[in-house]
1. What's the magnitude of the charge dipole for region 306-382 around its Cα centre, counting Lys and Arg as +1 and Asp and Glu as -1 at the beta-carbon? Answer in Debye, nearest 20.
2. Please report the antiparallel percentage of the DSSP beta bridges confined to the chain, to the nearest 5.
3. Would you kindly state how much longer the chain becomes between Lys475 and Ala49 on full extension, computed as 0.36 nm times their sequence separation minus their alpha carbon distance, in nm to one decimal?
4. Residue farthest toward the positive end of the dipole of the chain, with Cβ of Lys/Arg at +1 and Asp/Glu at -1: which of Ile14, Ala105, Asn319?
5. How much length would be gained if the chain were fully extended between Lys279 and Glu349, taking 0.36 nm per residue of separation minus their Cα-Cα distance, in nm to one decimal?
6. Taking 7 Å along the Cα-to-C-beta vector as the label spot, tell me the Asp340-Arg189 distance in nanometres, rounded to one decimal.
7. What number in nm² do you get for the chain if you take the convex hull of its Cα atoms and divide its surface by four?
8. GluC sites (Glu not before Pro), restricted to region 234-331: which are DSSP loop and have at most 13 other Cβ atoms within 10 Å?
Amino acid sequence: MATAAATTHPLSSISKPVGDWVRSVAELTQPDAIHWCDGSDAEYRSLMAELQTSGELLKLNPEHFPNCFLARSHPSDVARVEHLTFVCTTDREDAGPNNHWMSPADGHAKMRDLFKDCMKGRTLYVVPYCMGPIDSPYSRCGVEITDSAYVVINMALMTRMGLPALERIGREGSFVKGLHSTGELDPNRRFIMHFPEELAIESFGSGYGGNALLGKKCHALRIASFQARNEGWLAEHMLIVGLQSPQGETHYIAAAFPSACGKTNLAMLIPPGSMPGWKVFTVGDDIAWLHPGPDGRLYAINPEAGYFGVVPGTNPKTNRNAYEMIRRDTLFTNVALTADNDPWWEGLESGTPVIDWQGRPYDAKNGPAAHPNSRFTVSAKKNPNYAPEADSPRGVPISAIVFGGRRRGVAPLVYEARDWNHGVLVGASVASETTAAAIGEAGVLRRDPMAMKPFAGYNFGDYWNHWLAIGAKLKHPPRIYHVNWFRRDANNKFLWPGFGDNLRVLDWILKRCNGKAEAAETPIGNLPKAKDLNLAGLDIAPQALEQLLSVDATEWRAEAADMNKYLDEFGARTPAALRAEVQALQKRLG
Ligand code: GTP
Ligand code: SPV
Ligand code: MN
């Protein structure tokens, strides 16, 4: 009996809709106890203590990594599961060919069976959260019900979680309902279901990342993108970074790259020594909510309050900022351990692993020591370059939008779209090699429009229409660019040094926005010549640069043809204006 469950809530602010929903979920799931999260430090400390007692969290070396912990997930539960992720709309066409679909009735019925009695012997946590600054009109609240204390502490680090959110929900009435249970972590009983028309999410059978921290991809992208379309804004898989030039001018850039393709690293970039005077501020590293502002510019808020970042590859040379940030107050998931009980991962470039991510003695025969999708969870406030504007209720004005992908060929280092509509095609054409961020083969090239293939909560045809409509509304739209840090040479080596040196590309982009940099017109858009980039102090072969800044017409004709084929998949929902952009591109390519 749910009413028999021991309930702790010293909270006066529980509104009737929240209370009713929690009661109905408790009746279905039959938890032993109900815990209403208030978001206090004491609550966080006591959950951390419980997780250590139960063995779910291991304390790392407190001298080297103060207040850091390791969690190991089930070996089958290490990444998002796109093949088990569904968008349940009344009309199948509204979900589009870009999503797996089920009818809302079938989706609910399937999940009801899984959730029935699933919290027997467990505690049901009620996690109220706010995506975005608590006092921003652009923010949106939700409540996640979960039976995982690990999820609760992640949500505490990643969102504005607790009483103020519950109070805002009480005032507003509406909130996103997210129901989550780790179930038995059985990959055959695992589903991530979205009901955008009901502002509801139901997730069962995974405790990992985007499958389980429902504020992140499920709410802030899939549900929010659907809401945003109806309300005239955009919810995007984008970092937001502030760049202050040596002249003291600050501009903000929003950039969309697919999962594990460099967002956190660009958002936390450290300027190379040969570019003195630049300062970089992180507003967000994964998600941006973008609103047309009263001055005709586009404004962005970061709905999140923490980072769930890729660990492998982080070292003092690639990203000293991130490396220092995760040396304290950080929760690691699925990294390896050294003999000193320090966390270890591939690309760390110091230390020796002795225990692998599954807790076994490390043996190279078993694969990497840390899982390639091992992650750190840390509050954004721990970032030494945290932008104070990240808490601004009105957000930051965006000067440029950058799309990018991980491509060994075809896409040059950078190019500029001719105008907004062409930029929408540039975004829609993003193609990228798959990564360890989702279950499945890595390194397979696929279309990932606007880096939103796994995250758009509705039909891409409608989504591109919405992008075109937003552009038409903006008096001062951001300029749109495409970058590729991952082009390779004949020996499979990256041609571009990447990381801090990416500032050289951003510098050119900002100069273009200010009308202060040259570009050469090509059929695909405007490219810098080598002389237009600040390359001072960069050791790069002229042939490498030439390859990075080259556009092969034959390859691009094939690319345009493939794009046309891809747009066919969305039939009548594909905007005519996008078709026209491909035709214009094909004409320019000859
Ligand atoms: P999600 O959190 O999955 O959305 O990933 P992300 O887009 O934030 O990617 P992240 O910055 O965590 O980088 C993913 C991987 O790419 C890491 O192993 C990085 O070390 C590597 N990486 C990031 N930026 C660059 C770059 O400029 N060049 C190269 N070669 N690798 C990079
Ligand atoms: C991504 O895969 O894009 C991530 C990690 O940012 S997850 O939270 O698992 O979605
Ligand atoms: Mn991401």
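Every number here is computed from the coordinates shown, using simple stated rules; none is lab data. None of these values were measured; they are calculated from a predicted model. Don't worry about glycine lacking a Cβ; one is built from the backbone with ideal geometry, like all the others, and counts go over all protein chains shown.
1. Working: 9 positive and 8 negative charges, 60 e Å.
Charge dipole of region 306-382: 280 debye, to the nearest 20.
2. Details: 61 of 97 bridges.
For the chain, the DSSP antiparallel bridge percentage is about 65.
3. Numbers: separation 426, 0.36 × 426 = 153.36 nm, distance 5.29 nm.
Working it through step by step, the gained length comes to 148.1 nm.
4. It is Asn319, whose Cα lies furthest towards the positive end.
5. Details: separation 70, 0.36 × 70 = 25.20 nm, distance 2.65 nm.
Difference between extended and current length: 22.5 nm.
6. 4.4
7. Numbers: hull surface 102.5 nm².
For the chain, the mean projected area of the Cα convex hull comes to 25.6 nm².
8. Details: sites: Glu236, Glu249, Glu304, Glu324; in loops: Glu249, Glu304.
Qualifying residues, ordered by number: Glu249.
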